[in-house]
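Just so you know, all these numbers are worked out from the coordinates, no wet-lab data involved. Note that the structure is predicted; figures quoted are calculated from it, not measured. All Cβ positions, glycine included, derive from the backbone under ideal geometry; neighbour counts span all protein chains shown.
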Amino acid sequence: MKNLSTNQIRDMWIKYFKEKNHHFLEPVSLVPVNDPSLLWINSGVATLKPYFDGRLVPPSPRLTNSQKSIRTNDIENVGITARHQTMFEMLGNFSIGDYFKKEAISMAWELLTSDQWFGIDKDLLYITVYEEDIEAYEIWTKEIKIKEDHIFKGGKDTNFWDVGQGPCGPNTEIFFDRGNEWDKNNLGTKLLKDDIENDRYIEIWNIVFSQFNNDGSNNYTELPRKNIDTGAGLERLASIFQNTPTNFETDLFLSTIRKVEKLANNEFKYIYNNYQNIDTNQQKINTAFKVIADHIRAVVFAISDGVFPSNKDRGYIIRRLIRRSSVYGRKLLINEAFLYKLVEIVVESMSYFYPYINEKKELVKEVILEEENKFLKTLNKGYDLLESIIENKKFVSAQDALLLFESYGFPIELTSELSSEKNVKIDLENYYNLLENVKELSRKARKSDKAWNKQSPILTSLSVESEFVGYELDECESYVNFLFWDDKALQKATNQTVYAIFDKTPFYAEKGGQAADNGFIIDENNNYYKVIDVQQGPNKQNIHTIIVDGEINLNQKFKLIIDKDKRHYTMKNHSGTHILQAAIQEVLGKEALQNGSYNDENGFRIDISYKRPPSISEVKRIHNVIEREIKNDLKCEVIYCSLKEALDDYNALALFTEKYDSTVRVIKFGSFSCELCGGTHVKSTKEIEDLLITNIESKGSGLYRYSALTSYSAINNYLNNLQNLFKEEVEKIREKVISYKNVVSCEKILNKLESFNKIKLKKDNIDEVKVLVEEIKEENRKLQKEFRDLSVENNIKKYKNTNFIKKENYNEIVLEVNDLDDYETKVLIDTLQNKHENLILHIININKSTYYVSVAKDLTNEFSAINIFKNVTSHCLKGGGNQLLAQGKIIK
């Protein structure tokens, strides 16, 4: 059989399907876009959901891809089994209403067995089909001529893809036979017939025939448009073509493992043949190498795609992978930060197909090193906690194990191993129950995938014209091409909200971070109807949401007029996002990447992934860069070209989370900013007038949201409002300072108040004024405490010299006060207790109708404040406390 590298396998797959008229889709980010149901892209088809459910029209009904994916529901199995990976690459070919079973099966067989392509021996391939899918069975046996002892029928649990309500269907799987040496019990094809987990027959391809719709109650009807969804694991294919025991000995992981061996000072070695001739100790060593090699690859890609370690969601997964790897490094006696040293190896092995990770490697190293160093401190705490649990409890409960896992990153196998070494039992059964509960809560929190099950023929099959003319015009005459509401086409709409498509429109549909235009449509009788929203349909028609107070009809002529002021300021803000993005990269570096933006007439925001927030001086430099380019009056140049030209010739900035058409639109402001963008923009940077960053906030580890304004009027209004807000806050503080300046020294805060009075808030001093206001607030807090302390001291002064009554074993004071509040009373209690030894103190605060009992710490073996409190006229007291202090209300 051919010996193929991973890159050769991937290239051959893509080339084959391109020759079969499939459009190749570039791989996208691991972070899903507009899909709250997914934490990660977890399969090749996950990125194509808008094409399958009809929200978007695909660039071709035939598609192919090689998509990186992450699955995290069985991280604990990574390194233990032969083929579990955290991040994997799924090769796929898809048909959306084009070819079906016969073509899909034939193409799969040709690619796998033809000498021109993979050239696998046909006798080594085995097939499973759904038992009721006679059509697929006959294609395999009559068309492909598979031997009957090489094809098996499976039930619904193995050969039918169904996720509840929505599209579903049977599937056929292709397995590769690795031979008798991987079948110790000589069970042969019984392993396939009975679906027994094994290492002999490796599933290399799964073809799903999406031909039914499940109504949610397991009633199945034929879909009008049938689809093909396939997946083949690149790592598994590499293992077969490179004849390795597991995926980990392939060119994807072996170089990383060899590097780890060096970092372990060659004290430990990864042994190939241990997979069949098992040595228990070597098995543990191999597992450590595999965990590290797998996890570091996933971490490198996740961080490159903008996910930084944190305590929740995706960031938590990345943190967990780094911690788990660090723990396994410790098993190899690597007790220092080392994972960051593996980044170069991962980049070398993966950058052929993913060149962008090469640009991110320094950032990735920095992030991993910082996280490793943090965890090394945490890890020691975790070991200390586990040793304490073992020593004191002699048993590790499920809650203890989960705490070690969730808070300290201890894998359960490590907790089990250390407990076993001390002959201490661990409640594994309940641990897994607790863990499953945690996972179930996480799954439920993300289960909102309604769009996936929706196929709306009213829009997916719609081909009416809908030309956008808004780049040149802000009003035009047009005809209603289509009316609908609640998935029903209409001839007219009367006194209702309705969706309308016009043959041409100046209204911009919300997309690419730019808000939709609003405005009006006017009929020939000068009746006005308000347009409140515009969204783009699956076939790219602009769908207008219109409030109809009257009647509009299909094919009726209207004048469409956008809200020109809204468009005017939205354009300023959209162009502002481009200029701010470029300025941030000039100051912070190219690794500061945009993770999304939004702009409308009121301002804009842009999310930047970076290792830290910018400093005050860096924000000033960003503002200076922007001012420079606004003064330079850079003209806005619009270029239409191919994606390759945009990236190669113009070095345009593209979001890897976006899908682009074959022809893209490039927005270029001189040589300063160049981005792919479909939005509306100013003609030159001078029209932006000015730009002010109003706020920078963290949106999770490594993600910062910059909020900003453009135009003189918006910025001046913002500064005036902020100045008034600061003045109001400072004036209230000034009044308080005057009230206590005769009691405490207020010179420092008075100087700061004077400084504030002299400042006129401007764009270039906004950060300094914010700092000054915070300093005034902090000084005020200190003065309030000082004033309070002096006032309390003055108020309790007359009670401090109260004498005690000597008792047999203690001293006692019974005291009435009528001019102290609760806080002052407690300060008096502390003062008297510190002054006298062995004191039991009774205080009745007549003013507050409160009774206190305080017992000196040295007396608590013999006396208890709460018991004394309860025994003293209990019928007229209501309260509680402890051995040292009890208090309650006197019931009148």
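Structure values in brief
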| read-out | value |
| --- | --- |
| Check: the chain dipole with +1 on Lys, Arg Cβ and -1 on Asp, Glu Cβ, in debye | 2440 |
| Listed peptides 634-646, 807-819, 664-676, 285-297 by packing density, highest first (mean Cβ within 10 Å) | 285-297, 664-676, 634-646, 807-819 |
| Hypothetical label at Thr494: residues of region 539-558 whose amide nitrogen lies under 16 Å (7 Å Cα-Cβ projection) | 548-554 |
| Between 0 and 90°, nearest 10: helix 254-263 axis offset from the chain longest Cα axis | 30 |
| Region 715-795, relative contact order in percent, only Cα pairs under 8 angstrom and at least six apart counted | 40 |
| Glu729-Ser755 FRET efficiency (beta carbon distance; Förster radius 22 Å; 0.05 resolution) | 0.90 |
| Degrees between helix 428-445 axis and first principal axis of the chain (Cα, 0 to 90, nearest 10) | 80 |
| Full-stretch length increase - Lys374, Glu110 - with 0.36 nm per residue and alpha-carbon distance subtracted | 89.9 nm |
| Helical contribution to [θ] at 222 nm, DSSP H n ≥ 4, -39,500 (n - 2.57), averaged over the chain, rounded to 500 | -12000 deg cm²/dmol |
| Chain lengthening between Lys806 and Asn539 when straightened (0.36 nm per residue, less Cα-Cα) | 86.7 nm |
| Where N is the number of residues in region 55-130, Cα Rg divided by 2.2 N^0.38 Å | 1.42 |
| Of Lys504/Lys530; Lys259/Lys611; Lys540/Lys683; Lys620/Lys763; Lys331/Lys360, those spanning more than 19 Å from alpha-carbon to alpha-carbon | Lys259/Lys611; Lys540/Lys683; Lys331/Lys360 |
| For region 662-799, the Rg and Dmax computed from alpha carbons only, in angstrom | 23.4, 87 |
| Sparsely packed trypsin sites (Lys or Arg not before Pro) within region 356-433, loop by DSSP, other Cβ within 10 Å at most 11 | Lys394 |
| Antiparallel bridge percentage (DSSP; both residues within region 128-239; nearest 5) | 90 |
| Projected-area average for the chain over all orientations - Cα convex hull basis, square nanometres | 51.3 |
| Trypsin sites (Lys or Arg not before Pro) lying in DSSP loop within region 248-280, provided at most 10 other Cβ fall within 10 Å | none |
| Selection from Gly576, Phe520, His544, by position along the positive dipole direction of region 487-578 (Cβ) | Gly576 |
| Whole-Å distance, taken between Cα centres, linking region 302-348 and region 98-176 | 39 |
| Considering only region 811-892, percent of DSSP beta bridges that pair antiparallel, nearest 5 | 70 |
| In region 480-581, GluC sites (Glu not before Pro) in a DSSP loop with at most 12 other beta-carbon atoms within 10 Å | Glu524 |
| Nearest 10 degrees, 0 to 90: helix 412-421 Cα axis against the chain principal axis | 70 |
| Projected label distance in nm at Val424 and Lys18, using a 7 Å step from Cα toward the beta-carbon | 5.9 |
| Formal net charge of residues neighbouring Lys226 (Cβ-Cβ distance under 15 Å; K, R +1; D, E -1) | -3 |
| Bridge type composition, region 1-141 - antiparallel percent by DSSP, nearest 5 | 75 |
